[in-house]
Amino acid sequence: QVQLVESGGGSVQAGGSLRLSCAGSGYTYNNNCMAWFRQAPGKEREGVAAIYTGGGSTFYADSVKGRFTISQDNAKNTVYLQMNSLKPEDTAMYYCAADIPTIVTMCGISADFGYWGQGTQVTVSS
């Protein structure tokens with residue numbers, strides 16, 4: 001019954017920006033760990049950013065710190081990933097994930113996520 005639906009992917013040139021959205025349903029919004037992952041062809045799945053919805057604590061991979069921002073909108077039961085200064089190496093399928101429910105000490109980009117969306121493609125050209 002839990003569903004996560006991503007949107008906002010697309011194709012941009014290096015240096016451009018995109019804003020990804022993850023709309024959740026079928027669960028209580030508060031006290032969850034929500035995250036964004038990405039996977040490029042032939043590469044391992046990589047945790048990008050996470051947010052604890054109960055208090056707003058955020059976590060980022062070193063490769064995106066200062067460029068990406070994860071945020072939440074409680075009223076819309078949605079999490080976002082604002083991606084700025086995009087690089088060709090950011091090209092990947094981006095997935096939304098959720099750990100429902102959890103505590104803040106168990107939230108992060110290496111947490112155990114049991115729910116996943118279908119993904120949205122991000123392509124960054126040189």
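The values are calculated or read from the model by the stated rules, or taken from the named source; none is laboratory data. The structure displayed is predicted, hence computed values, not measured ones. Every residue, glycine among them, receives a Cβ derived from its backbone with ideal geometry; neighbour counts consider all protein chains shown. Keep in mind that these areas ignore ligands, DNA and RNA; they rest on the heavy atoms of the full protein, side chains included. Shrake-Rupley method; radii C 1.70, N 1.55, O 1.52, S 1.80 Å.
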Exercise for review: Please state which one of R38, R67 is basic (K, R), under 21 Å from V5 (Cα atoms) and at pLDDT 95 or above.
Suggested key: R38
Check your understanding: Can you tell me which residues in region 38-51 are in a strand (DSSP E or B), out of contact with any Gly (no Cβ under 9 Å at 6 or more places or on another chain) and not small (G, A, S)?
Key -> E46, V48, I51
Check your understanding: Which one of A111, A97, A35 is over 23 Å from S125 (Cα atoms), part of a loop (DSSP other than H, G, I, E, B) and open to solvent by less than 40 Å² (accessible area, probe 1.4 Å)?
Key -> A111
Practice item. Only residues that are open to solvent by 40 Å² or more (accessible area, probe 1.4 Å), aliphatic (A, V, I, L, M) and in contact with a helix residue (DSSP H, G or I) (Cβ under 8 Å, 6 or more places away or on another chain): list them for region 44-84, please. Key: none
Point to revise | Test: A92 is among the small types (G, A, S) and more than 17 Å from S11 (Cα to Cα) | key: no
Review point. Looking at (1) on the phi < 0 side of the Ramachandran plot; (2) touching a Ser or Thr at 6+ places or on another chain (Cβ under 8 Å), which is the only condition G8 fails?
Key: (1)
Point to revise | For A61: the one exception among (1) of a type outside the set (F, W, Y); (2) out of contact with any Gly (no Cβ under 7 Å at 6 or more places or on another chain); (3) at pLDDT 95 or above; (4) closer than 24 Å to D112 by Cβ | key: (2)
Point to revise | Matching residues, region 1-24, being open to solvent by 50 Å² or more (accessible area, probe 1.4 Å) and not in a loop (DSSP other than H, G, I, E, B) | key: Q3, V5, S7, S11, Q13, R19
Point to revise | Residue check, R38 of a type in the set (K, R) and in contact with a helix residue (DSSP H, G or I) (Cβ under 9 Å, 6 or more places away or on another chain) | key: yes
